[in-house]
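Here, each number is a calculation from the coordinates, and none is a lab measurement. Keep in mind that this is a model prediction, so the values were computed, not measured. Note that each Cβ is placed from the backbone with ideal geometry, even for glycine, and that neighbours are counted across all protein chains shown.
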Amino acid sequence: MSRNSWATRFGFYLVAIGSACGLGNLWRFPYVVGENGGGAFVLLYVLLALLVGLPLLVGELVLGKSSRRSVLLATEGLTADFQTKFKAPFKFLGWFSVLMCLIVLSYYAVISGWVLHFLTQFTLNLFSVETNWSTSIQMLQKNGWLQVGLASAHLLFVLVVVLRGVQEGLERFVGAIVPFFVLLLCLLMVKSLALPSSAEAVRFLFYPDFSKLSWASMAHALGHVLFTLSIGFGTMVTFGSYLRDTEHIPTAAVRVTLLDTGLSLVAGLLIFPIALQASQVPLTDPGLLFDALPRFLGETKGGALFGFSFFLFLYLAALGASIGLLEVIVSNGVDKLRMDRVTVGWSSALLALVLSLGPALSDSVLRQVKLGSRGLLESLDAILINWILPLIAFGFSLALSWGLSKHRKQHYFIDNSRIESTVLFSHWEFALRYLVPGIILFALLLQTLGLLY
Ligand code: PHE
């Protein structure tokens, strides 16, 4: 992508939404909610999206727009501005983001492979080829090499898109289909809410029973907020760098946050009635979505068509998010290491494939490898999202508040035609400087205590 601005204001929204809305909303959100006991966690998640996610999202966009660079060079520029002597740790911040993109891409590819598998199954089903749903996700989880094959196919698609330079087009396309996807989800949600278990599901999702929270729940909610809004990965810095001058960053950030959070809640309302009624895997299992939904659709009139459309949209959403991840690695490699796109593209996709062997084989060849009670895929996801991502976000909040001059922040935040803008600016600065790092440290502290008790 050359560093021009988007031709229309819509361009930014579509790309940002294309990257934010993905497997995080539909696959990860329901089982993390299940793991943390429901309503109280959902409340925590929404609060943290507004108190931590939103200020950081604004910060990353401001950083991108003001530096017009991708994350490595942008964060280096920040440390050059630093008035304090604490420069050194922040120098690595950009590198951590890029590394995160690589590792997350590796297991994101595995889950995207699951989506591809169900898409194929439903396509066959559409043409009346019989499949046996009851064993499907369990069968897939146990078939490690099939998962490796599917993950390779996915990585290849992503690579082709990124190397042909059409990623912006595709992400835009994904952003554009999100409204249709939401419509389909709402339709399915209405069907699912007609199940007898729906009252229990709504209560589970929205009645805050704080006794169900664990020491680690706050860090889990925080990690998920960062993951689902694509914060700490450098993606939003890149998108910010293409923002047009007339675009008002806070408004854009509020819209992206609300849409993404709303989508997760709809996903919850869709999955839980079904899961409580019929799922054969526990609510805490990463296979939850893939067990509950096909089972339900298998018994619904027109299920094959719904299933086909759902998994097609979900696959496109996964593709949009994966493209964002690979694009960060490639553009930073090109900017910083001065390598050519094809070399960085192929080597990072291959590296991601090698790394994906661990999570793909976690329920078969590597079944014995466990960290605590979790398998490899779950452990990797938990360590990255619940520990490392909050630490990166902590670094970003400090780097942005102390490393960006007030003048630069004001220039990119304040819209002179709105009187409330100046007041909002001081709230944002306060949040970024004290509230965000404070909440992150508190959540990590609680999570550490949870390990001890
Ligand atoms: N936000 C995406 C999701 O919810 C994941 C993602 C993270 C994509 C970081 C790009 C960058 O699925």
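For Ile440, Ile103, the sequence from fewest to most other C-beta atoms within 10 Å is Ile103, Ile440. With respect to the chain, whose longest principal axis is taken over its alpha-carbon atoms, helix 167-193 is tilted by about 50°. Please go through the residue pairs Lys336/Lys406; Lys142/Lys370; Lys91/Lys406; Lys91/Lys370; Lys91/Lys409; Lys91/Lys336 and name each one whose alpha carbons sit more than 25 Å apart in this structure. Going by Cα-Cα distance, Lys336/Lys406; Lys91/Lys370 fall outside the 25 Å limit.
Between Leu156 and Ile419, the FRET efficiency estimated from the beta carbon spacing at R0 = 41 angstrom works out to 0.20.
Between Leu449 and His407, the contour length at 0.36 nm per residue exceeds the alpha carbon distance by 11.1 nm. Sorting Arg338, Arg172 from the fewest to the most surrounding beta carbons within 10 angstrom yields Arg338, Arg172. Averaging the sequence gap over all C-alpha pairs within less than 8 Å and six or more residues apart, then dividing by the number of residues, gives the chain a relative contact order of 36 percent. Taking amide H positions as modeled 1.01 Å from N, with prolines and chain starts lacking one, the residues under 5 Å from Asp209 and 5 or more places away or on another chain are Gly39, Ala40.
Taking the longest Cα principal axis of the chain as reference, the axis of helix 420-430 is set at about 80 degrees.
Note on Leu187 and Val334: their simple-model spin labels are 3.8 nm apart, each label 7 Å out from Cα toward Cβ. Listing Met100, Met218 from fewest to most neighbouring C-beta atoms within 10 Å gives Met100, Met218. Phi angles across the stretch 369-386 convert, under the Karplus curve 6.51 cos²θ - 1.76 cosθ + 1.60 with θ = phi - 60°, into 3J(HN,Hα) values of 6, 9, 10, x, 8, 8, x, 4, 4, 5, 5, 4, 4, 5, 5, 5, 7, 8 Hz, Gly and Pro given as x.
Using just its DSSP H runs of length 4 or more, each adding -39500 (n - 2.57), the chain gives a mean residue ellipticity at 222 nm of -24000 deg cm²/dmol after division by all residues.
Measure nothing fancy, just the Cα-based angle from helix 71-81's long axis to the longest principal axis of the chain, in degrees from 0 to 90, nearest 10. Once rounded, the angle reads 30 degrees. The phi-based Karplus calculation (6.51 cos²θ - 1.76 cosθ + 1.60; θ = phi - 60°) puts the 3J(HN,Hα) values of the stretch 248-261 at 8, 4, x, 4, 4, 5, 4, 5, 4, 4, 5, 5, 5, 5 Hz, whole numbers, x for Gly and Pro.
The magnitude of the dipole of the chain, with charges of +1 and -1 set on the Cβ of Lys/Arg and Asp/Glu and taken from the Cα centre, is near 800 debye.
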